[in-house]
Amino acid sequence: MDRPTLHVRRVGIDTWRESVAYLHRDCPVVRAAGFQALAKVTVNADGQSIAAVLNVVDDDRIVAPCDLGLSEDAFARLQVAEGHAASIEHAEPAASIAALHRKIAGERLTRDDLAAIVRDIASARYSKIELAAFVVATNQFELDRDEVLHLTQAMIDVGHRIDWQHDIGSGPVVDKHCIGGIPGNRTSMLVVPIVAAHGMWCPKTSSRAITSPAGTADTMEVLAEVALPVERLTEIVRATRGCLAWGGTARLSPADDILISVERPLAIDSPGQMVASILSKKVAAGSTHLVLDIPVGPSAKVRTMPEAQRLKKLFEFVAARLGLVLDAVITDGRQPIGHGIGPVLEARDVMRVLENHPDAPHDLRTKALMLAGRVIEFDPDVRGGDGIRIARDILESGRALARMNAIIDAQGRRVDAPAPGPLVHEVCAGADGVVVEIDNLRMARIARLAGAPQSPGAGADLLRKLGDPVVRGEPLYRIHAQFDADFGFARRMAEADSGYRIGETAPAARGWAQGNGGGSA
């Protein structure tokens, strides 16, 4: 039986990394084939085919009875012009659904199981419901280390992989990454220009924020273009030795970007998914050496030192089997890093550090220099312990700023850089004393309610940090927002609980043994 012919119509709906098809309820195809809403379908046109989820509509203004509407994602994937003839049919179930059901039941998955699941995810054969089921199942029934290794390898295999060796021979290709959870922790935007100015290759690709008010890609986008195709990305790295780009357009571990679209609204970032996400992107980007920042604190992603050590060992196990040299650094995650939380405010902090500005946040500068030093010590010509001195010299001499400007210009400088949100509210101390606690999760939540990262100028600007004395009525931080509704949400959240605790004495100093030796919180 011939497939009924319809005509493609682009429906301007952003379905966030899900291909959705729209048919009118009175469409003959709906009646003849027995289609129902949320059915999985295959759309065919001009020799191309895509998997999609069906939505049935009643409004002719959205889709006429003889049209086939496609969401923005579906239209981009099908790659045909509006009005082109197309057909639609019931889709065969994804081959890996049986493996997904076994994981939902708590079973361990094999290498082949995970490879099949990731192939189907990358090919958009999973609906958002099925993606959510996979994310929740791997969080509920934690992946063992072999499953994490197989998931990571599968995510690498379905995407593009960059090979820099023909450019630099046997030298290291380096990167630095933080597992996240600490607002304002934009050390990567300082490490990359420092390391690149030293002469090392540092192709930094990042995801956008998952549960935080800003990711490295969101913050860099305030200054420059980050959605770079892989060809342009490689040209930039060859010219400047570094980049600060979003990995999505380069198709590096594309299944990870699809999974992130579900992890973000669920606020789930399980250890196994985290390891696979980070390491698959690094290997796909061609990195051979990685410094990994694992912050630990009562309101960080990782709460205790034993938990940090377990995560560190999992990263080391997977990295070693992928041939990636890893230096995992356990750091103090008791409070936000820097002053700003939100893309514009964090970009301001980064540039102040690079400019050696007197108002540059000391903690951001200090941590970035430590991490840059660890990366520089991957250079076989640098003696152990000399890295931080070299990094400090590069920063203070202005070479890091010059290299950052070169990277910004190469990626495409923003001439219309956004400003901090014009709606401002100061959150003040309710008592005299000393700041003894800052809740990372609460501060991130307040900044997100203010509109970050979707509104780049939204967020929070911290005026006091741990150990700082305060007087009742003195501002602790400022909320910035672009829109009244966001402003109201953030203010109410801060009024219910500011995220700060004021005590009588400063919090006790803690020793952090950073690096392979671990330490105690």
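The values are calculated or read from the model by the stated rules, or taken from the named source; none is laboratory data. From a predicted model like this one, the values you see are computed outputs, not experimental measurements. Glycine gets a Cβ as well: all are built from the backbone with ideal geometry, and neighbour counts include every protein chain shown. Please note that ligands, DNA and RNA were not included when accessible areas were found on the heavy atoms of the full protein model with its side chains. Shrake-Rupley method; radii C 1.70, N 1.55, O 1.52, S 1.80 Å.
What the table below lists for this structure:
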quantity	calculated
Probe 1.4 Å, protein heavy atoms only - accessible area per residue of the stretch 386-521 in square angstrom	49
The stretch 305-387 shape via C-alpha gyration tensor axes, a/c threshold 1.5	oblate
Computed magnitude of the charge dipole of the chain (debye, nearest 20; Cβ of K, R +1, Cβ of D, E -1)	760
Among 86, 74, 51 the positive-end extreme of the charge dipole of the stretch 1-101 (Cβ point charges)	51
Per-residue ³J(HN,Hα) for the stretch 313-329, Karplus 6.51 cos²θ - 1.76 cosθ + 1.60, θ = phi - 60°, Hz, x for Gly and Pro	5, 5, 4, 5, 4, 5, 4, 4, 7, 9, x, 9, 7, 10, 10, 8, 10
Residue-wise HN-Hα coupling along the stretch 230-237, computed from phi with Karplus coefficients 6.51, -1.76, 1.60 (Hz; x: Gly, Pro)	4, 5, 5, 4, 5, 4, 5, 5
Built amide H within the under 5 Å cut-off of residue 57, gap 5+	23, 24, 25
Shape call, the stretch 244-333: gyration tensor on alpha carbons, a/c limit 1.5	oblate
Per-residue HN-Hα couplings for the stretch 261-268 [Karplus 6.51, -1.76, 1.60; θ = phi - 60°; Hz; x = Gly/Pro]	5, 9, 4, 4, x, 7, 6, 10
Selected from 450, 156, 275, residue furthest toward positive end of dipole (the chain; charges at beta carbon)	275
Accessible surface of the chain [probe 1.4 Å, protein heavy atoms]: carbon and sulfur percent	49
Surface accessible to a 1.4 Å probe, residue 478 within the full protein complex, Å²	80
Rh by Kirkwood over Cα pairs, then Stokes-Einstein D for the chain at 0.692 mPa s and 37 °C, µm²/s	134
Local electrostatic count at residue 16 - Lys and Arg +1, Asp and Glu -1, tallied over other residues with Cβ under 10 Å	-1
Of all DSSP beta bridges in the chain, antiparallel share, percent nearest 5	55
Lys, Arg +1 and Asp, Glu -1 on Cβ, resulting dipole of the stretch 332-424 about Cα centre, debye, nearest 20	60
Sites matching trypsin sites (Lys or Arg not before Pro) across the stretch 354-401 that sit in DSSP coil, with at most 12 neighbouring C-beta atoms within 10 Å	383
Exposure ranking of 134, 489 by accessible area [1.4 Å probe, largest first]	489, 134
Computed magnitude of the charge dipole of the stretch 207-341 (debye, nearest 20; Cβ of K, R +1, Cβ of D, E -1)	300
In Å², nearest 10: area of residue 202 left accessible to a 1.4 Å probe	0
Relative contact order (%) - the chain, alpha-carbon pairs under 8 angstrom, separation at least six	14
Accessible area of residue 101 in the full protein assembly, 1.4 Å probe (Å², nearest 10)	110
Sequence-distant lysines (8 or more away, or on other chains) whose Cα lies within less than 26 Å of residue 301	103, 128, 176, 204, 281, 282, 312, 313, 367, 465
Accessible surface, 1.4 Å probe, highest first, among residues 161, 303	161, 303
Cut-off under 5 Å, modelled amide H: who pairs with residue 159 long-range	253
Accessible area (Å², per residue) of the stretch 1-88, counting only protein heavy atoms and a probe of 1.4 Å	52
Whole-number percent relative contact order across the stretch 424-514, with pairs defined as alpha carbons under 8 Å at least 6 apart	44
